[in-house]
């Protein structure tokens, strides 16, 4: 309404200004004519002209105001157009909302629509299709529930195929990492390694043109280990037992392996991060039965506790967490050699003074053990022991080096191959040089043994 009123006011002012302009023009024309014809009435005409001039000034001010009103009208028109635009957008949005609401209503109606409508006959006062619905009661609300049944009796036929529609999940719930308290397992301070094995090698010949000797050999071995490691304390205990025999045609039974070895290492470290321990180590070695220089079996060259070696020392021990590598350095080591057989002691065997049963040395000991699975199911074990005496022949090193490979075939069958090298300046080599049946004592030599076997191994 304000816009219409403004337009009418603008039009009325325009008509009034036009009429006033026409009257001014007429007055001017009549004044000039009458001035030329009648000079007497000049004064009166001038008075009227002054009045007209004042009226013109007022009209000019009105024109200025009208122009201002025109500018306001233009701004109002622009606002009106903006309002129309907004109204159109609102109508469009309302239309979309109505369409969405109708769609939702249609969907909800389709979801709420029952299988079949219940038709009620007022004359009979009962449902026409009451037998098509199963009636039950909600135990919580005591409401009556009508469950529609299929119109056909196909539910009696056995179902032969089961078809499951694919479900599409929208707006999945984001996975949440729940923080729970995790309790560590009880620590196991003791670790054990136990194995018992028997390796057998056999060769048999019958009318073999190329020749050969029937033979059979067996090696019995036991490995027991106990490892204790708790915070600052370490205690390793290992027991190795080996005994092997070989039977050859016309040569009798011979010994191929004989060893008893026990190792015990006790260590202490200042913190739980370092792998270096202040340690004390004990090592003991001997054999079970007599040893001979075959084929002469009348005089044994070694017996039980002849020799027997005892190493006892203090130093430092390095061991990694997986026990695959260990290094022992002992600058203070006592090496004792025992020969409890009088015959051998009288001969001064194994470095003892003739007639004495023991010999004691003081020196430096280095021991290293390294285990690694070089390929799958092939375990390499390298053991090296170096000892030198401070008092006698410092720098003359006793070497004990074992290199073994264990090839695992399955859980119980395993093959083994390896070498054992020993050099000890106190162990003299004996041989019958003159073939007179008497063994003569010679100098120290490198002792080397190589073995290859396959057999059963049980680990527990």
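The values are calculated or read from the model by the stated rules, or taken from the named source; none is laboratory data. Just so it is clear, the model here is predicted, and its values are computed rather than measured. Methodologically, a virtual Cβ is constructed for each residue, glycine included, from the backbone with ideal geometry; neighbour enumeration extends over all protein chains shown.
Residue check: is residue 354 in a loop (DSSP other than H, G, I, E, B), over 45 Å from the mean Cα position of the chain (by Cα) and either in the same structural domain as residue 222 (by TED's automatic domain parsing) or surrounded by 15 or more Cβ atoms within 10 Å (Cβ to Cβ) (or both)?
When the stated conditions are applied, residue 354 passes them.
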Wholly enclosed strands (runs of 3 or more DSSP E) of segment 274-350 bearing at least 1 residues out of contact with any helix residue (DSSP H, G or I) (no Cβ under 7 Å at 6 or more places or on another chain), outside the structural domain of residue 260 (by TED's automatic domain parsing) and free of Cβ contacts under 8 Å to residues at least 12 places away in the same chain: none
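Inside segment 408-419, can you point out the residues that are over 11 Å from residue 457 (Cα atoms) and surrounded by 14 or more Cβ atoms within 10 Å (Cβ to Cβ)?
Step one: list which residues in segment 408-419 are over 11 Å from residue 457 (Cα atoms), which gives 417-419.
417, 418, listed by residue number.
Yes/no matrix, rows are residues, columns are (1) modelled with pLDDT of 90 or more; (2) surrounded by 13 or more Cβ atoms within 10 Å (Cβ to Cβ); (3) closer than 28 Å to residue 328 by Cα:
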{"position": "421", "(1), (2), (3)": "yes, yes, yes"}
{"position": "427", "(1), (2), (3)": "no, yes, yes"}
{"position": "442", "(1), (2), (3)": "no, no, no"}
{"position": "451", "(1), (2), (3)": "no, yes, yes"}
Criterion (under 21 Å from residue 252 (Cα atoms), out of contact with any strand residue (DSSP E or B) (no Cβ under 6 Å at 6 or more places or on another chain) and either modelled with pLDDT of 90 or more or in the same structural domain as residue 256 (by TED's automatic domain parsing) (or both)) met by exactly one of 209, 201, 214: 214
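One line per residue, one yes/no per condition, for (1) within 24 Å of residue 316 (Cα to Cα); (2) assigned by TED's automatic domain parsing to the domain that holds residue 257; (3) out of contact with any helix residue (DSSP H, G or I) (no Cβ under 7 Å at 6 or more places or on another chain); (4) surrounded by 14 or more Cβ atoms within 10 Å (Cβ to Cβ):
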{"residue": "366", "(1), (2), (3), (4)": "yes, yes, yes, yes"}
{"residue": "371", "(1), (2), (3), (4)": "yes, yes, yes, yes"}
{"residue": "378", "(1), (2), (3), (4)": "no, yes, yes, no"}
{"residue": "391", "(1), (2), (3), (4)": "yes, yes, yes, no"}
{"residue": "394", "(1), (2), (3), (4)": "yes, yes, yes, no"}
Any hit, segment 370-392, residues being over 39 Å from the mean Cα position of the chain (by Cα), under 25 Å from residue 302 (Cα atoms) and modelled with pLDDT under 90: yes
Failed condition for residue 240, given (1) in contact (Cβ under 8 Å) with a residue 24 or more places away in the chain; (2) under 19 Å from residue 417 (Cβ atoms); (3) within 41 Å of the chain's Cα centre (by Cα): (1)
